[in-house]
Amino acid sequence: MKEKKHIPTSDEPFAWKSPFAALKDVTPLPARTQPPARDLAEKTPAEPKRNRGRVDILRSTAHRGGKTVTVITGFVGISQAEKERLAKDMQKACGAGGTVKEGRIEIQGDHRDTVARILTNAGFRPVFAGG
């Protein structure tokens, strides 16, 4: 059995050993050097693809119990995975839910301006259609 060390509670002094006492004899670590500066080209993202086609941005309330939904349609030559990635970016930017259904992206609420900005940055040409 391990014997416990008791610290006296009386007024008499006791010998206390600091656990950090051994560190005073250690040489300091060398100063940290700065990493090499990267080129400006590495810091800026690659230029997004341009002229990826026209997409329509609609505001719809039909068959939704009066709730407004922003619908993006007209994607040509874009995979389902990329639509889902775009939908996720739009949901984060708008702070709203959404889904990808039947080749179109639906975002809950009226967020046409934010969605248009995201689509423009992705290289699409957004057009406001409908009411």
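Within the stretch 12-31, which residues are at pLDDT 80 or above and of a type in the set (Phe, Trp, Tyr)?
PHE20
Do we have ALA96 as surrounded by fewer than 17 Cβ atoms within 10 Å (Cβ to Cβ), free of Cβ contacts under 8 Å to residues at least 12 places away in the same chain and among the aliphatic types (A, V, I, L, M) here? Don't jump to the end; show me each part of the working.
On the way: surrounded by fewer than 17 Cβ atoms within 10 Å (Cβ to Cβ): yes; free of Cβ contacts under 8 Å to residues at least 12 places away in the same chain: no; among the aliphatic types (A, V, I, L, M): yes.
In short, no.
Confirm whether LYS88 is under 18 Å from the mean Cα position of the chain (by Cα), modelled with pLDDT under 90 and not hydrophobic (A, V, I, L, M, F, W, C).
Values: under 18 Å from the mean Cα position of the chain (by Cα): yes; modelled with pLDDT under 90: no; not hydrophobic (A, V, I, L, M, F, W, C): yes.
Here the answer is no, as LYS88 does not meet what is asked.
Counting just the residues of the stretch 32-63 that are over 24 Å from ILE118 (Cα atoms) and among the charged types (D, E, K, R), which one comes out modelled with the lowest pLDDT?
The qualifying residue modelled with the lowest pLDDT is ASP39.
Looking only at the stretch 56-79, count how many residues are farther than 14 Å from GLU106 by Cα and surrounded by fewer than 13 Cβ atoms within 10 Å (Cβ to Cβ).
Here is the first cut: in the stretch 56-79, the residues farther than 14 Å from GLU106 by Cα are 65-66, 76-79.
Narrowing the set further to residues that are surrounded by fewer than 13 Cβ atoms within 10 Å (Cβ to Cβ) leaves 65-66, 76-77, 79.
So the answer is 5.
Tally up the residues in the stretch 103-131 that are assigned to a strand (DSSP E or B) and over 13 Å from ALA87 (Cα atoms), please.
Applying the first criterion (assigned to a strand (DSSP E or B)) to the stretch 103-131 yields 104-109, 125-128.
Filter again for over 13 Å from ALA87 (Cα atoms), leaving 109, 125-128.
The number of residues fulfilling the criteria is 5.
Taking interchain pairs and intrachain pairs at least six residues apart, which have beta carbon atoms under 6 angstrom, with the first residue in the stretch 106-131 and of a type outside the set (A, V, I, L, M, F, W, C) and the second surrounded by fewer than 17 Cβ atoms within 10 Å (Cβ to Cβ) and not in a loop (DSSP other than H, G, I, E, B)?
Cβ pairs passing all conditions: GLU106/THR99; ASP110/ARG59; THR114/ALA93; ARG125/ARG54.
Of the conditions (1) within 20 Å of ASN51 (Cβ to Cβ); (2) hydroxyl-bearing (Ser, Thr, Tyr); (3) touching a residue at least 40 places away in the same chain (Cβ under 8 Å), THR68 clears all except one; give me its number.
Looking at each condition in turn, THR68 falls short on (1).
When the residues of the stretch 99-131 are filtered to those that are of a type in the set (Asp, Glu) and surrounded by 14 or more Cβ atoms within 10 Å (Cβ to Cβ), which remaining residue is farthest from the chain's Cα centre (by Cα)? Explain how you work it out, then say what you get.
In the first step, residues of the stretch 99-131 are kept if they are of a type in the set (Asp, Glu); the result is 102, 106, 110, 113.
Still in the running and surrounded by 14 or more Cβ atoms within 10 Å (Cβ to Cβ): 106, 110.
Working: GLU106: 20, ASP110: 22 Å.
The extreme case among them is ASP110.
The values are calculated or read from the model by the stated rules, or taken from the named source; none is laboratory data. Keep in mind the model is a prediction, meaning the values are calculated, not measured. Ideal geometry is used to build each Cβ from the backbone, glycine not excepted, and the neighbour counts take in all protein chains shown.
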